[in-house]
Amino acid sequence: MKWLEVLNLRSAGGSSGLLEELLLSISKSNQSGRVELKTYRHAALETDVSVHLHWNSEMPEQNGSALGLRLAQALKEFGLIDHSVWVEEKKS
């Protein structure tokens with residue numbers, strides 16, 4: 001089953017170098033079932049970041065993966081975090 005974790009960070013700015021290092025180290029980690037990690041910046045607000053963890057496993061983690069939960073905890077240092085889990089709809 002394909003599923004997605006979305007972590008949205010609303011930051012006041014500052015420590016962008018630390019944030020980039022954190023995301024780079026996460027992208028290099030190899031988690032079982034993780035297919036891809038993508039990061040996005042808001043088009044108008046450079047301090048808003050969205051991290052997408054793409055997974056393919058038998059069942060989604062309803063509260064988020066261990067990696068996603070650790071990342072959410074680490075990102076709290078930079079600002080407000082919204083962490084959600086999405087399941088891909090099967091096509092009819």
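No lab work stands behind these numbers, since they all come straight from the coordinates. As the structure is a computational prediction, the values presented were derived from the model and not from experiment. Methodologically, a virtual Cβ is constructed for each residue, glycine included, from the backbone with ideal geometry; neighbour enumeration extends over all protein chains shown.
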Just SER25, SER65, SER11 to compare: in a GNM of the chain, with alpha carbon springs under 10 Å, which one fluctuates most? SER25
Positive end of the dipole of the chain, charges at C-beta (+1 Lys, Arg; -1 Asp, Glu), about the Cα centre: which of ALA12, TRP86, LEU45 has its Cα farthest in that direction? TRP86
Tell me, what is the percent relative contact order of the chain, built from C-alpha pairs under 8 Å that lie six or more residues apart? 50 percent
When the chain is treated as a GNM, springs tying every alpha-carbon pair under 10 Å, which of LEU24, LEU53, LEU67 comes out with the largest mean-square fluctuation? LEU24
